[in-house]
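These notes concern the structure reproduced below.
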Amino acid sequence: MHELSLARDLLGAIERKLYPGDARVVRVNVGIGSATGIMSESLRFAFRVICEGTRIGGAELCVTTIAARSRCGNCGILFEFDGMIGRCPACGRFSGELLCGDEMILRTIEVADV
Amino acid sequence: MCDTCGCGSPSVRTIDVDERLLALNTAMAEHNRAHLAERKILAVNLMGTPGAGKTALLETTIVKWRAYRRILVIEGDQATDRDSARIAAAGATACQVETGLGCHLDAHQIHDALHHLDPREGDLLFIENVGNLVCPALFDLGERLRVVVTSPTEGADKPLKYPPMFRAAHVVVLNKCDLLPHVPFNLDEWTAYVREINSHARIIKTTALSGDGVGEWLAEIDNLRRSLLVGISV
């Protein structure tokens with residue numbers, strides 16, 4: 001995957017939400033779909049490196065996983081799965097239409113005034 | 001205030017965002033898409049394994065249409081301009097993008113190439129991505145149609161092994177079908193795997209070198225091109 005470029009995008013998105021007076025970011029909460037293939041550890045590492053020297057430097061990146069959901073193309077039932085591809089629990093086939101789990105969401109930014 | 005993590009400090013404020021990250025690439029891809037739609041240009045992103053026959057399929061396409069249709073090709077490769085030389089020899093205008101260490105084309109490279117090619121209304125634009133079944137699937141270029149080109153020598157299980165690539169495709173081309181009698185490739189098994197990953201994609205079987213099955217491929221592209229020209233959404 002391309003965690004370094006995603007970290008760069010994340011840094012840009014955070015900067016756009018901050019006010020000039022926001023001194024320091026202490027924590028950033030993101031949700032990542034399990035079907036994105038994004039590796040949390042790699043993203044955290046890239047984020048740490050890329051934020052160095054900015055007011056986001058040293059901030060903790062908290063990642064929660066968003067379960068992927070699919071509608072089976074064969075029997076039509078909805079099911080959740082972990083990873084990039086899911087097997088329908090009813091008929092045993094691999095996933096049909098992916099409904100969610102391919103997203104990355106910036107949830108909250110925690111800012112300290114000093 | 002807690003000495004360990006700073007919790008309970010009145011000086012910590014939470015900004016609620018809850019935004020899906022529109023990555024820089026996605027924003028640029030949307031820009032490309034709007035620009036192409038405005039000029040009624042059909043853009044096709046050709047992805048697939050190195051050696052599956054993406055360039056050969058393009059050469060055959062160009063030879064069939066060059067007399068009455070303007071075709072532009074953006075060629076992505078890690079190194080060399082060999083493919084754009086082949087495209088130019090077949091009779092289309094090519095723009096080579098050497099990605100260097102990059103394993104895929106991104107929307108910014110397409111944006112720059114579009115400015116260089118300066119397409120006209122009704123032109124047909126093919127983007128031949130870097131041969132790779134992983135990374136190109138994750139980068140929207142602003143195309144209208146995503147195509148995966150694959151071949152029997154790769155084995156029947158590739159749709160299961162590289163699901164994002166096959167999931168993202170509108171059309172899956174199985175090229176080099178003349179090899180089917182000679183290689184241990186179970187066509188029914190492969191078709192079932194494609195269908196499990198992607199129930200909607202059109203499957204087209206071709207042999208680009210001989211031209212077998214290419215008619216179906218040309219019809220697919222041409223129907224979409226016509227609908228764009230008359231403003232029908234499909």
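Data table
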| read-out | value |
| --- | --- |
| Within 10 Å of each Cβ in A:105-114, the average number of Cβ atoms from other chains | 5 |
| Charge sum, other residues only, whose C-beta stays under 11 Å from residue A:102's C-beta, Lys/Arg counted +1 and Asp/Glu -1 | +2 |
| Sequence-separation-based contact order of region B:1-132, relative, with Cα cut under 8 Å and 6+ spacing, percent | 34 |
| Cα-centred dipole magnitude for region B:96-168, charges only on beta-carbon of K, R (+1) and D, E (-1), debye, nearest 20 | 380 |
| Dipole magnitude of chain A, debye to nearest 20 (Cβ charges: Lys/Arg +1, Asp/Glu -1, about Cα centre) | 140 |
| Spatial separation of Cα centroids for region A:1-46 and region B:203-234, in angstrom | 41 |
| More than 26 Å apart - percent of Cα-Cα pairs taken over chain A | 32 |
| Descending semi-axes in whole angstrom, ellipsoid equivalent of the protein assembly as shown, from the Cα gyration tensor | 41, 25, 17 |
| For peptides B:147-154, A:97-104, B:102-109, B:164-171, sequence by mean Cβ density within 10 Å, most packed first | B:147-154, B:164-171, B:102-109, A:97-104 |
| Cα-based helix-to-principal-axis angle, A:3-17 vs chain A, degrees rounded to 10 | 60 |
| Residues with amide H under 5 Å from that of residue B:205, placed H, sequence gap 5 or more | B:174 |
| Charge dipole (debye, nearest 20) of the protein assembly as shown; +1 at Cβ of Lys and Arg, -1 at Cβ of Asp and Glu | 680 |
| Farthest positive-ward along region B:62-123 dipole, Cα basis, beta-carbon charges - from B:78, B:109, B:88 | B:88 |
| Taking the C-alpha atoms of region B:74-222, convex hull volume expressed per residue in Å³ | 125 |
| Apportionment of accessible area to carbon and sulfur, the protein assembly as shown, percent (1.4 Å) | 52 |
| Heavy atoms of residue A:61: accessible area, 1.4 Å probe, square angstrom to 10 | 10 |
| Exposure rank, largest accessible area first [B:144, A:71; 1.4 Å] | A:71, B:144 |
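The values are calculated or read from the model by the stated rules, or taken from the named source; none is laboratory data. All values reported here derive from a predicted model rather than from experimental measurement. Positions of Cβ are generated from backbone atoms using ideal geometry, with glycine treated the same way; all protein chains shown enter the neighbour counts. Please note that ligands, DNA and RNA were not included when accessible areas were found on the heavy atoms of the full protein model with its side chains. Shrake-Rupley method; radii C 1.70, N 1.55, O 1.52, S 1.80 Å.
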